[in-house]
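Shown next, in structure tokens, is the structure this report addresses.
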Amino acid sequence: MSNATMRPIGRVGVLRAAAVVATGVLALAGCGANAASGDTAQTGDAPANSKGTIGVILPETATSARWEAFDKPFLEQALTSAGYTANVQNAQGDVQKFSTLADGMIASGVKALIIASPNAQVGTTVEQKAQQAGIPTIDYDRLNTGGSADYYVTFDNVQVGVLQGNALAAALKDKPGAQVIQIEGAPDENNANLFHSGQMKVLDPLYKSGQLTLVRDQFIPDWNNQLGGTTFEQILTSNGGRVDGVVAANDGMAGAVITVLQKNGLNGKVPVTGQDATLAGLQSILRGDQTMTVFKAVKLQAEAAAKLASLVASGDKAGADAYAGQRSTDPKSGRVIKSVLLDPETVDINSVNKVVDQGYVTAAQLCTADVAATCQRLGIS
Ligand code: BGC
């Protein structure tokens, strides 16, 4: 890790993640963006024709629009098609709420629990309780380091960072010495560290050779998008207003960074990375403010988690083991976990249509007045 790396910043907890309204998040969650949303029961006993209830707890809404816009509807759809009742909840970044939701699901006898937790500590505790109750657990997207999940479904998270690093390096290739600011995810979230290590595989040699200059590499507690923006602004100010490129760990952080760049007349001139292919991120790309996003086919992730959950719920452990044919290693305990690992992809202005074609956002949602002409030029309709 370079000398410029600092983590976490001193003002941890000044802003609560729950208070953050990232640009576009509410709009996306509230306007029926869920192209694949299924109509499933949220609570209570499974209906007579259901094979039982599978519980899902997602971590937050404010750190990324993905959880409500993509994960929730795709999980509901996949679990329902597998014949189960889906009880998909969101802890809203509140560890206590996560714990309470899990206690309720365990007490009601869910057949399996799929969790993406706000932090590994609470995730691990939930896994222990589920294990005691004989309920199988699946880590979803985020690994609960030190935990005991039966299976893990995620993307190649190091590769996410490599794609971000590659995009930034390509955008700055003709600017020797270009000054880069890195705005990362939560320092205690395993994925955030994997994204960072992937970025550094690409960028560190360029920093060492002097091709690029690292101004600051900053992790942001709780993946708090708003804090990401204010932190970026402080770094920019203390660097005399100079920045040539920004690694933003996801689209939420990118949106916060772009707001600051706009204030300084720098948007569209400074390449910015992202992740999650959210509606807001894709629109930033169409406006020319964001260079790329990392598209993670959450539908496949949801389907893999639902498949594993239904196999273990029906007692087919051998089938589940075979399905989770890949392996992940827990960096904390060294435990090897049976996994399904999916490939992330870069999306830039020339491939935005891929996300539309695959049903994650509709052209009507994406092509608002200010980007309509760009949509037309790119054939997005
Ligand atoms: C997920 C990202 C997401 C971030 C913030 C990570 O664990 O992999 O897709 O942007 O959390 O919610």
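The values are calculated or read from the model by the stated rules, or taken from the named source; none is laboratory data. Note that the coordinates shown come from a computational prediction; the quantities given were computed from them, not determined experimentally. No Cβ is skipped: glycine too gets one built from the backbone with ideal geometry, and neighbour counts run over all protein chains shown. To get the accessible areas, we keep the full protein, side chains included, count just its heavy atoms, and leave off ligands, DNA and RNA. Shrake-Rupley method; radii C 1.70, N 1.55, O 1.52, S 1.80 Å.
Please determine whether any residue of the range 278-299 is under 27 Å from residue 135 (Cα atoms) and either touching a residue at least 40 places away in the same chain (Cβ under 8 Å) or open to solvent by 10 Å² or more (accessible area, probe 1.4 Å) (or both).
Just the residues of the range 278-299 that are under 27 Å from residue 135 (Cα atoms), to begin with: 298-299.
Cutting the leftovers down to either touching a residue at least 40 places away in the same chain (Cβ under 8 Å) or open to solvent by 10 Å² or more (accessible area, probe 1.4 Å) (or both) gives us 298-299.
Within the range 278-299 (the criterion being under 27 Å from residue 135 (Cα atoms) and either touching a residue at least 40 places away in the same chain (Cβ under 8 Å) or open to solvent by 10 Å² or more (accessible area, probe 1.4 Å) (or both)), the answer is yes, since at least one residue qualifies.
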Worksheet item: Here are some conditions: (1) away from the ligand (no atom under 14 Å from the Cβ); (2) assigned to a helix (DSSP H, G or I); (3) farther than 17 Å from residue 171 by Cα. Residue 202 meets all but one. Which one does it not meet?
Response: (3)
Worksheet, complete the sentence: Here the qualifying pairs (Cβ atoms under 7 Å; residues six or more apart or on different chains; first in the range 131-150 and touching a residue at least 12 places away in the same chain (Cβ under 8 Å); second assigned to a loop (DSSP other than H, G, I, E, B) and of a type in the set (A, V, I, L, M, F, W, C)) come out as 135/110; 137/149; 138/149; 139/149; 140/116; 141/116; 142/116
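Here's the yes/no breakdown for (1) open to solvent by 10 Å² or more (accessible area, probe 1.4 Å); (2) free of Cβ contacts under 8 Å to residues at least 40 places away in the same chain; (3) in a helix (DSSP H, G or I):
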residue	(1), (2), (3)
207	yes, no, yes
215	yes, no, no
222	yes, no, yes
229	no, yes, yes
232	no, no, yes
254	no, yes, yes
257	no, no, yes
262	yes, yes, yes
266	yes, yes, no
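In the range 171-194, what residues are within 16 Å of the ligand (Cβ to nearest atom) and open to solvent by 40 Å² or more (accessible area, probe 1.4 Å)?
Initial filter on the range 171-194 (within 16 Å of the ligand (Cβ to nearest atom)): 182-194.
188, 193, 194 - these are the residues of the range 171-194 that are within 16 Å of the ligand (Cβ to nearest atom) and open to solvent by 40 Å² or more (accessible area, probe 1.4 Å).
How many of the residues making up the range 291-308 are of a type in the set (Val, Ile, Thr) and part of a helix (DSSP H, G or I)?
Of the range 291-308, the ones of a type in the set (Val, Ile, Thr) are 291, 293-294, 298.
Right, trim to part of a helix (DSSP H, G or I) and you get 298.
Residues meeting the conditions: 1.
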Worksheet item: When residues of the range 223-251 are filtered for being farther than 20 Å from residue 158 by Cα, touching a Ser or Thr at 6+ places or on another chain (Cβ under 9 Å) and either of a type in the set (S, T, N, Q) or not assigned by TED's automatic domain parsing to the domain that holds residue 177 (or both), how many remain?
Response: 2
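Would it be correct to say that residue 286 is away from the ligand (no atom under 16 Å from the Cβ), assigned to a loop (DSSP other than H, G, I, E, B) and modelled with pLDDT of 95 or more?
Numbers: away from the ligand (no atom under 16 Å from the Cβ): yes; assigned to a loop (DSSP other than H, G, I, E, B): no; modelled with pLDDT of 95 or more: yes.
In short, no.
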Worksheet entry | Residue ID - surrounded by the most Cβ atoms within 10 Å (Cβ to Cβ), chosen from residues in the range 131-170 that are in the same structural domain as residue 90 (by TED's automatic domain parsing), in contact with a helix residue (DSSP H, G or I) (Cβ under 6 Å, 6 or more places away or on another chain) and among the small types (Gly, Ala, Ser) | 149
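Listed here are the residues, each with its yes/no results for (1) over 23 Å from the mean Cα position of the chain (by Cα); (2) buried (at least 24 other Cβ atoms within 10 Å of the Cβ); (3) part of a strand (DSSP E or B).
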| position | (1), (2), (3) |
| --- | --- |
| 48 | yes, no, no |
| 51 | yes, no, no |
| 56 | no, yes, yes |
| 76 | no, yes, no |
| 103 | yes, no, no |
| 122 | no, no, no |
Fill in: Given (1) within 22 Å of the chain's Cα centre (by Cα); (2) more than 16 Å from the ligand (Cβ to nearest atom); (3) of a type in the set (A, V, I, L, M, F, W, C), number of the condition residue 107 does not satisfy
(1)
Worksheet item: Does the range 309-317 contain any residue that is out of contact with any strand residue (DSSP E or B) (no Cβ under 7 Å at 6 or more places or on another chain), over 26 Å from residue 131 (Cα atoms) and without any contact (Cβ under 8 Å) to a residue 24 or more places away in the chain?
Response: no
Worksheet item: Can we say residue 82 is in the same structural domain as residue 47 (by TED's automatic domain parsing), under 19 Å from residue 300 (Cα atoms), away from the ligand (no atom under 16 Å from the Cβ) and out of contact with any strand residue (DSSP E or B) (no Cβ under 6 Å at 6 or more places or on another chain)?
Response: yes
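Kindly indicate which of 316, 357, 348 is open to solvent by 80 Å² or more (accessible area, probe 1.4 Å) and modelled with pLDDT of 95 or more.
Numbers: 316 fails: open to solvent by 80 Å² or more (accessible area, probe 1.4 Å); 348 fails: open to solvent by 80 Å² or more (accessible area, probe 1.4 Å).
Of 316, 357, 348, the one residue that is open to solvent by 80 Å² or more (accessible area, probe 1.4 Å) and modelled with pLDDT of 95 or more is 357.
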Fill in: Failed criterion for residue 197 (all others in (1) more than 12 Å from the ligand (Cβ to nearest atom); (2) surrounded by 21 or more Cβ atoms within 10 Å (Cβ to Cβ); (3) closer than 19 Å to residue 169 by Cβ hold)
(2)
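From the list 241, 245, pick out the single residue that is over 20 Å from residue 163 (Cβ atoms) and away from the ligand (no atom under 13 Å from the Cβ). I'd like the intermediate steps shown before the answer.
Values: 245 fails: over 20 Å from residue 163 (Cβ atoms).
Residue meeting the stated conditions: 241.
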